[in-house]
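A.B. asks: Mind having a look at this structure? Questions to follow.
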2 protein chains.
Amino acid sequence: MNDRTIPWSSLKGKDIPATIKLDHVIHRFTSPGCHILDIGCSAGNASIPLASQGFLVTGIDINPEVLQMARRSSLSRNSYQVPLFVRADAITLPFTPESFDIVIMQAFLTTIITKEDRVRIIREACRVLQPGGYLYLADFGQTWHSGIYRERYINDLPVTKEEGSIIAYDQQTGEVSYIAHHFTEKELVFLLVENGFEIEFFKNDKFVTKTGNRVNGFVAVGRKEA
Amino acid sequence: MNDRTIPWSSLKGKDIPATIKLDHVIHRFTSPGCHILDIGCSAGNASIPLASQGFLVTGIDINPEVLQMARRSSLSRNSYQVPLFVRADAITLPFTPESFDIVIMQAFLTTIITKEDRVRIIREACRVLQPGGYLYLADFGQTWHSGIYRERYINDLPVTKEEGSIIAYDQQTGEVSYIAHHFTEKELVFLLVENGFEIEFFKNDKFVTKTGNRVNGFVAVGRKEA
């Protein structure tokens with residue numbers, strides 16, 4: 001736990017956004033009984049269905065409350081198989097090398113507010129993947145055509161110090177809740193290709209945020225170089 | 001005519017690519033009998049159908065040969081109405097202010113290889129539009145997830161001096177044929193909002209180039225501030 005993880009670690013579980021749906025393209029990369037690690041699993045929106053489909057799913061998150069929610073939710077569904085939920089920090093994963101066939105990150109990197117930490121996280125994901133394994137990544141894209149986002153990128157820059165980052169405020173108290181980063185295609189591609197992955201799949205998409213804004217997004221699958 | 005226009009002015013008409021189809025969203029902005037200016041009309045792929053739908057279309061291009069092709073093609077179709085084709089340079093349009101309701105640019109800005117000229121062209125389009133008129137713009141986006149384009153953006157940078165620009169070679173002679181620019185969303189949005197337009201419509205798209213590569217693209221409609 002360090003400064004970086006404090007907001008996410010102490011947010012109320014129900015306040016953690018989880019808005020991007022798993023793209024069906026993931027099933028091009030799964031195989032029966034494969035081991036999947038869901039980094040930043042939140043309340044288990046991706047982990048729980050994947051486990052119930054028969055995959056061996058481990059979900060990690062930094063927030064203990066949201067992991068409790070995920071656990072309860074997984075048990076309430078009477079599924080054939082449930083994920084294992086583990087409290088862990090994505091920068092130093094508590095797993096041995098090459099433990100997983102697929103790592104997924106859904107709107108997770110957006111919460112990591114320095115380039116250096118993102119690099120460390122991608123390398124760490126690479127470490128725990130089998131050679132030839134896949135990193136499935138869905139995240140927000142910079143949405144300059146939206147006047148609302150354009151203004152936020154510009155106005156929040158003196159605080160965030162990174163283009164494309166925005167400040168999210170608590171809707172009740174008005175206080176800063178967390179900072180989120182929106183990516184450019186170039187940025188996301190280089191984050192993968194410079195840290196152990198080849199691009200296996202890439203698409204531009206549209207997502208809807210927790211507050212109902214339409215925003216650009218990407219779905220990318222990187223293959224760990226063998 | 002200046003240095004900038006030489007390659008496009010002297011290319012053989014049949015060698016001028018014209019690959020992006022007109023998006024049907026344009027019909028949200030047309031009205032019966034409206035005046036449309038098609039900048040960089042090439043062989044008339046957009047102008048001719050629009051004229052046959054009853055709009056009053058003027059197509060301009062810097063290349064005399066392609067204008068001949070466009071003219072012949074328009075006559076051969078036995079349409080109710082054909083466009084007027086005019087040889088002109090987009091930087092200094094031979095039209096009085098507020099002459100048009102809609103200006104279209106299909107894969108045209110991609111051929112303009114300096115930021116300064118792009119600004120002059122957008123301002124000139126603005127000048128000839130009615131207040132409240134629309135600029136419809138479809139163009140190529142930087143496609144970093146493609147290994148082929150990623151390599152070209154990087155390798156061609158010492159020559160093009162602008163990120164996202166690529167060199168197109170003549171497939172017979174191997175000589176440099178022209179330079180093309182691919183845009184970021186931010187770049188295209190600011191080109192409009194800093195030069196007289198509000199963003200009225202914006203979408204991320206996929207286009208196929210003359211040589212069959214899939215490439216990111218944008219369709220944007222700007223509204224001239226009244």
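All of the numbers you see were taken from the coordinates with simple rules; none came from a lab. All values reported here derive from a predicted model rather than from experimental measurement. Neighbour counts run over all protein chains shown; Cβ positions are idealised from the backbone, glycine included.
A.B. asks: Please arrange B:224, B:14, B:21 by counting, for each residue, the other beta carbons lying within 10 Å of its beta carbon, fewest first.
C.D. replies: Details: B:224 21, B:14 9, B:21 12.
So the residues, fewest neighbours to most, are B:14, B:21, B:224.
A.B. asks: Please give the peptides B:214-221, B:196-203 ranked by average Cβ packing (other Cβ atoms within 10 Å per residue), highest first, as a rough proxy for protection. Before the final figure, lay out the partial values.
C.D. replies: On the way: B:214-221: 20.8, B:196-203: 17.9.
Per-residue Cβ counts within 10 Å, averaged per peptide and sorted highest first, yield B:214-221, B:196-203.
A.B. asks: Moving on. What is the local net charge at residue A:102, summed over the other residues whose Cβ is closer than 14 Å to its Cβ (Lys, Arg +1; Asp, Glu -1)?
C.D. replies: Working: positive: A:28, A:223, A:224; negative: A:23, A:38, A:98, A:101, A:200.
Taking every other residue near residue A:102 into account, the sum is -2.
A.B. asks: Here is a further query. Rounding to the nearest 20 debye, state how big the charge dipole of the protein assembly as shown is about its Cα centre with +1 on each Lys and Arg Cβ and -1 on each Asp and Glu Cβ. Don't skip to the answer; put the middle values down first.
C.D. replies: Values: 48 positive and 52 negative charges, 208 e Å.
Roughly 1000 debye for the protein assembly as shown.
A.B. asks: Compute the signed sum of charges (Lys and Arg +1, Asp and Glu -1) over the other residues within less than 13 Å, Cβ to Cβ, of residue B:213.
C.D. replies: Within the 13 Å Cβ shell, the charges total +4.
A.B. asks: Nearest 5 is fine: what % of DSSP beta bridges in chain A come out antiparallel, could you say? Each step should come with its number before you reach the end.
C.D. replies: Numbers: 24 of 43 bridges.
Approximately 55 percent, going by the DSSP bridge assignments.
A.B. asks: Where does each of B:114, A:160 land when they are ranked from fewest to most other beta-carbon atoms within 10 angstrom?
C.D. replies: Least crowded to most crowded, the residues run B:114, A:160.
A.B. asks: Helix-derived [θ] at 222 nm for chain A: sum -39500 (n - 2.57) over DSSP H runs of at least 4, divide by residue count, nearest 500?
C.D. replies: Details: 6 runs with 61 residues, N = 226.
Using -39500 (n - 2.57) per qualifying helix, the result is -8000 deg cm²/dmol.
A.B. asks: Mind checking which aspartates and glutamates have their Cα closer than 17 Å to the Cα of residue B:21? Skip sequence neighbours fewer than 8 apart in that chain.
C.D. replies: List returned: B:38, B:139, B:205.
A.B. asks: Still on this structure, please answer the following. Apply the Karplus curve 6.51 cos²θ - 1.76 cosθ + 1.60, θ = phi - 60°, to the phi angles in segment A:93-105 and return the couplings in whole Hz, x for Gly and Pro.
C.D. replies: 6, x, 10, 6, x, 6, 7, 10, 8, 9, 10, 10, 9
A.B. asks: Also: Within 10 Å of each Cβ in peptide B:143-153, how many partner chain Cβ atoms are there on average? Round it to a whole number, please. Let's see the in-between values first.
C.D. replies: Working: counts 5, 10, 13, 3, 4, 0, 0, 5, 0, 0, 1.
Mean number of neighbouring Cβ atoms from other chains: 4.
A.B. asks: Using the per-residue mean of other Cβ atoms lying within 10 Å as a proxy for protection, in what order, highest first, do the peptides A:169-175, A:81-87 fall?
C.D. replies: Numbers: A:169-175: 9.1, A:81-87: 18.0.
For the peptides A:169-175, A:81-87, the packing ranking is A:81-87, A:169-175.
A.B. asks: Could you pull out the pairs from A:115/B:210; B:115/B:224; A:12/B:186; A:161/B:224; A:12/A:210 whose alpha carbons sit more than 25 Å apart here?
C.D. replies: On the way: A:115/B:210 37 Å; B:115/B:224 20 Å; A:12/B:186 34 Å; A:161/B:224 33 Å; A:12/A:210 15 Å.
Too far apart for the 25 Å limit: A:115/B:210; A:12/B:186; A:161/B:224.
A.B. asks: With a length cut of 15 Å (Cα positions projected on each helix's long axis) and a Kyte-Doolittle mean of at least -1.0, go through chain B and give me the DSSP H helices that pass. Don't skip to the end; give the middle numbers.
C.D. replies: Working: long enough: B:64-76 (18 Å, -0.35); B:115-128 (20 Å, -0.76); B:147-160 (19 Å, -0.56).
Those that pass (Cα extent of 15 Å or more, hydropathy at least -1.0) are B:64-76, B:115-128, B:147-160.
A.B. asks: Would you work out the charge dipole size for chain A about its Cα centre, treating the Cβ of every Lys and Arg as +1 and the Cβ of every Asp and Glu as -1, and quote it to the nearest 20 debye? Numbers along the way, then the final one.
C.D. replies: Numbers: 24 positive and 26 negative charges, 112 e Å.
So the magnitude is around 540 debye.
A.B. asks: What translational D, rounded to a whole number of µm²/s, comes out for the protein assembly as shown from Stokes-Einstein when the hydrodynamic radius is the Kirkwood one over Cα pairs, at 10 °C and 1.306 mPa s? Numbers along the way, then the final one.
C.D. replies: Working: Rh = 24.2 Å.
Reported coefficient: 66 µm²/s.
A.B. asks: For segment B:85-145, take N as its residue count and report Rg(C-alpha) divided by 2.2 N^0.38 Å. Each step should come with its number before you reach the end.
C.D. replies: Details: Rg = 12.5 Å, N = 61, 2.2 N^0.38 = 10.5 Å.
Relative to the 2.2 N^0.38 Å estimate, segment B:85-145 comes out at 1.19.
A.B. asks: Between the label point of residue B:99 and that of the same position in each other copy, find the distances and list them shortest first in nm, with every label point placed 7 Å from Cα along the Cα-to-C-beta direction.
C.D. replies: 7.0
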